[in-house]
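S.K.: This is the structure I want to talk about, given as structure tokens.
Each value in this text was obtained by applying a stated rule to the coordinates, not by laboratory testing. In this text, all values refer to a predicted model and were calculated from it rather than measured experimentally. A quick note on method: Cβ atoms are made from the backbone with ideal geometry, for glycine too, and the neighbour counts reach across all protein chains shown.
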Amino acid sequence: MTQKVRTSLHSIAIVGSYLSGKTTLVESLLFVTEAISRKGSVKDGNTIGDSSAQARERQMTVEVSAASTEYQDVRFTFIDCPGSVEFAQETYNALIGVDAAIVVCEPIAEKVLTLAPLFKFLDDWEIPHLVFVNKMDQANIPVSTVFNRLKAVSSRPLVAHQYPILQGENLIGFIDLISEKAYHYHPGTAADTIPFPKELKQEEHAAREEMLEILADFDDHLLEELLEDIQPNQEEILKDLKLDFASDLVVPVFFGVAELDYGVRPLLEALLKEAPDPEATAKRRLSNLSKNSDPIAQVLKTYYTPQGGKLSLVRVWQGNIAEGMTLNGIRAGSMYRLMGQHQEHVNTASSGEIVALTRLDGIKTGDTLTTSQVELPRVEQLEPVFALAIVPGKRDDEVKLSGALNKLLEEDPALAWEQHGDTHEVILWGQGEIHLQVTLDRLRCKYNLPMSTHLPQVPYKETIRKTASSVHGRYKHQSGGHGQFGDVYLNIQPLPRGEGFKFGENVVGGVVPKQYIPGVEMGVRESLERGPLGFPVVDVSVTLTNGSYHNVDSSEQAFKLAARQAMHLGMLECQSTLLEPIVRLQVKTPSEYTSKVLQLLSGRRGQILGYEPMTSWQGWDNITGYLPQSEMHDLIVELRSQTLGVGSFDWEYDHLQEVPDKLTDKILASNGNGK
């Protein structure tokens, strides 16, 4: 038997907003290409994608999933990506490894805005993409309204590939704007041709003319034909569409109902004819690399399977990758083609394929795999914006926690964790509340580490407002034999904000021998770890001015204890005040929501420094300001609710600032301290 020759490969990402029907579309694509004999549903929890317990419990995609199929001798690998903004890092990491993307959206005008960050990412990386307007059976607004909203969020011109045929609110067919043939949908089978609906002739003609005019912007010959009223032939239109789509110059738009398989076959046909080949994608992505034949691949996703094995999902960009090959100095293990959680063993993978490799220890998502010195661009890391303090259910589990967290961070680079130096809490950082709840579920299910959680403590500090001079501290202890004796006088002064701590001495005549002065400084530092208000003390200068010693009984330890006594007495005179950490924010929001965001920040004691239009993102503003860290915990939740889920911010610690007196009393009371 002769082996069937595969003419091409295509890797396609399925992306879009939450609840748009991405996983359902993948299921339909696999069904109509006969990769599966029966479609699963998200509701029943039996789809090829969303196979993890966390995804099925929430009925939402929480991690990237791959599935392969063949259609007309072309192998397609579909990458089902999360739609929730809290899992955007997963989506972005996968997108840079595909030839094209299908952006799935609903025919709901206000939800189209949620696609804006995704469109921007696709255009920034020049990833060809088309739009599939799903759930057309639920549309309650004109198609033109959705189309215009899509135009507003895309920096590339949209090109309608089809004109939908509706019966009331139901999608029953479409007109192909290239061939101008009309088709009628039937459940479970391909659409058949029908006579052209005369009542749609005017609308179809306008849509086709708009398509041709946009294509003519990139083809002088087509422009000349239109100016001379010459109708271009189908081959020329298709050639222009393929070229412009592959170059990310235009965004074709399709309509359908994935649950009924409506529009799925025309979508597949368009991908066959118009999607860029892997060679073209690789040429664009590797354009800045030296020309050689060394194998090059990139890790798009890391999994830790329930059996404990590590899988690295990789895109092969150049050459062939073989099982057992040494890449980056590491010998790879077995190789698989994925179908959700199912694995098909393969020996080699050629350029354009997406496969999973085992035993790539030390290799992380985004890493370039090669036999030479090559580094491909990787996706920018999203800053974490939501935090919870976590505590293991069992004390003995503290030892296992760091190892489990590090594995979770390999799977999900949008996470971060820290052992906070001031509060001593283990803090888990992520992109939102659902993101962290999914992570906690994985800790419990995969690593048997149930956690309790609470809001992280704010790392307040305290400082002083007044000076205390010649504060005396003496430590004297006799217990038979050598005793302990230390005697010091200290000056305690406030420092400007941000100066930290300074220690000095100006003793004369050797009243405190030099070998005991380090003990004095140690005692001062220890006393500043917890001030009168119960928090670490900062921005303080302490000077040793005088003292006395005993030839036999003095020691460094005795002078340390004497210094602590002096500091305890002196700090009571210095009028302590509470300081809170202030972060600097950069908030990105659609301009139509800027006023709401300004009100949101002001209502949280924020200080607005200014805002201005973003030069790299039309219709969006960048707001700069300061915000107390205590007001940050659920900021991302409210920001998203005010901006249809698309607002975001970056932040960094900036400075300490005095807490208002009324708020100070409340904070001290909640911490069990008093002024």
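S.K.: Ignoring everything except DSSP H segments at least 4 long, calculate the 222 nm mean residue ellipticity for the chain; use -39,500 (n - 2.57) per segment, divide by total residues, nearest 500.
M.R.: -8500 deg cm²/dmol
S.K.: So how much slack lies between residue 654 and residue 669, counting 0.36 nm per residue of separation and subtracting their Cα-Cα distance, in nm?
M.R.: 2.8 nm
S.K.: Once label points are set 7 Å from the Cα along Cα→Cβ at both residue 236 and residue 552, what is their separation, rounded to one decimal in nm?
M.R.: The answer from the label model is 11.3 nm.
S.K.: Using the Cα centre as the reference, give the magnitude of the dipole from point charges on the C-beta atoms of segment 382-503 (Lys, Arg: +1; Asp, Glu: -1; all else neutral), rounded to the nearest 20 debye.
M.R.: Once rounded to the nearest 20, the dipole reads 620 debye.
S.K.: Taking θ = phi - 60°, what integer Hz values does the Karplus form 6.51 cos²θ - 1.76 cosθ + 1.60 yield along segment 509-514, in sequence order, with x for Gly and Pro?
M.R.: With coefficients 6.51, -1.76 and 1.60, one gets x, x, 5, 10, x, 4 Hz.
S.K.: With 10 angstrom as the radius, rank 589, 348, 664 by how many other C-beta atoms surround their C-beta, starting from the fewest.
M.R.: 348, 664, 589
S.K.: Quick one: the Cα spread of segment 8-283 along its three principal axes, in angstroms, biggest first?
M.R.: 60, 44, 39
S.K.: For segment 386-454, would you read off the P(r) tail past 14 Å as a percentage of all alpha carbon pairs?
M.R.: Counting every Cα pair in segment 386-454, those more than 14 Å apart make up 54 percent.
S.K.: Further question on the same structure: Please compute the length gained on full extension between residue 205 and residue 575, using 0.36 nm multiplied by the number of residues separating them and subtracting their Cα-Cα distance.
M.R.: Value of the extension gain: 125.2 nm.
S.K.: Now, a different point. Can you list the lysines whose alpha carbon sits under 18 Å from that of residue 476, skipping same-chain ones fewer than 8 residues off?
M.R.: 560
S.K.: Same structure again: Hey, with R₀ at 22 Å, roughly what FRET efficiency would residue 455 and residue 57 work out to, going by the Cβ-Cβ distance, to 0.05?
M.R.: Plugging the Cβ-Cβ distance into 1/(1 + (r/R0)^6) gives 0.35.
S.K.: Right, another one. Listing 31, 76 from the residue with the fewest other Cβ atoms within 10 Å to the one with the most, what is the order?
M.R.: 31, 76
S.K.: I've got another one for you. Please give the helix 22-32 orientation as an angle from the longest Cα principal axis of the chain, in degrees from 0 to 90, rounded to the nearest 10.
M.R.: Between the helix axis and the principal axis of the chain, the angle is about 30 degrees.
S.K.: Next question. For the chain, with the dipole built from +1 on Lys and Arg beta-carbon atoms and -1 on Asp and Glu ones, taken about the Cα centre, which of 214, 619, 432 lies farthest toward the positive end?
M.R.: Sorting the options by dipole projection puts first 432.
S.K.: I've got another one for you. Put +1 on the Cβ of every Lys and Arg and -1 on every Asp and Glu Cβ in the chain; which of 559, 194, 108 then has its Cα farthest towards the positive end of the dipole?
M.R.: 559
S.K.: Still on this model: Place +1 on the Cβ of every Lys and Arg and -1 on the Cβ of every Asp and Glu in the chain, take the dipole about the Cα centre, and give the residue among 413, 660, 366 whose Cα lies farthest towards its positive end.
M.R.: So the residue we want is 660.
S.K.: Please list the non-local residues whose amide H lies under 5 Å from the amide H of residue 16, H modeled 1.01 Å from N, same-chain partners needing a gap of 5 or more.
M.R.: Those qualifying (amide H under 5 Å, at least 5 residues apart or on another chain) are 104.
S.K.: According to a simple spin-label model (label point 7 Å from Cα along Cα-to-Cβ), what is the distance in nm between residue 320 and residue 615?
M.R.: 4.9
S.K.: Taking K and R as +1 and D and E as -1, what net charge do the other residues with C-beta under 12 Å from the C-beta of residue 461 add up to?
M.R.: Result for the local shell: -4.
S.K.: Quick one: the Cα spread of segment 462-574 along its three principal axes, in angstroms, biggest first?
M.R.: Here the spans come out as 46, 29, 19 Å, largest first.
S.K.: My understanding is that a pair violates if its Cα-Cα distance is over 30 Å; which of 39/301; 364/596; 151/242 do that in this structure?
M.R.: 364/596
S.K.: Between residue 383 and residue 472, what is the spin-label point distance in nm, taking each point 7 Å from the Cα along the Cα→C-beta axis?
M.R.: Label-label distance for residue 383 and residue 472, simple model: 5.2 nm.
S.K.: Report the charge-dipole magnitude of the chain in Debye, nearest 20, computed about the Cα centre from +1 at each Lys and Arg Cβ and -1 at each Asp and Glu Cβ.
M.R.: Using only the charged Cβ atoms, the result is roughly 2840 debye.
S.K.: Next question. Mind running the shape call on the chain? Use the C-alpha gyration tensor, a ≥ b ≥ c as the square roots of the eigenvalues: rounded below 1.5 for a/c, prolate if a/b tops b/c, oblate otherwise.
M.R.: prolate
S.K.: Also, I was wondering about something else. Could you tell me how many degrees, from 0 to 90 and to the nearest 10, lie between the Cα long axis of helix 661-670 and the main elongation axis, the longest principal axis, of the Cα atoms of the chain?
M.R.: 90
S.K.: Also, I was wondering about something else. Once R0 is set to 45 Å, what does the formula 1/(1 + (r/R0)^6) return for the Cβ-Cβ distance between residue 279 and residue 499, expressed as a FRET efficiency to the nearest 0.05?
M.R.: The value I calculate is 0.15.
S.K.: For residue 648, list long-range residues whose amide hydrogen, built 1.01 Å from N in the peptide plane, is under 5 Å from its own amide hydrogen.
M.R.: 588
S.K.: Mind sorting 388, 415 by how few other Cβ atoms lie within 10 Å of their own Cβ, fewest first?
M.R.: If I rank by nearby Cβ atoms, fewest first, I get 415, 388.
S.K.: Note the full-extension length gain between residue 604 and residue 350 as 0.36 nm times their separation in residues minus their Cα-Cα distance, in nm to one decimal.
M.R.: Stretched fully, the residue 604-residue 350 segment lengthens by 86.0 nm.
S.K.: Next question. Compute the angle between helix 143-153 and the longest alpha-carbon principal axis of the chain, please, reported from 0 to 90 degrees and rounded to the nearest 10.
M.R.: Once rounded, one gets 40 degrees.
S.K.: Another one. About the Cα centre of segment 90-163, how large is the charge dipole given +1 on each Lys and Arg Cβ and -1 on each Asp and Glu Cβ? Please answer in debye to the nearest 20.
M.R.: 260
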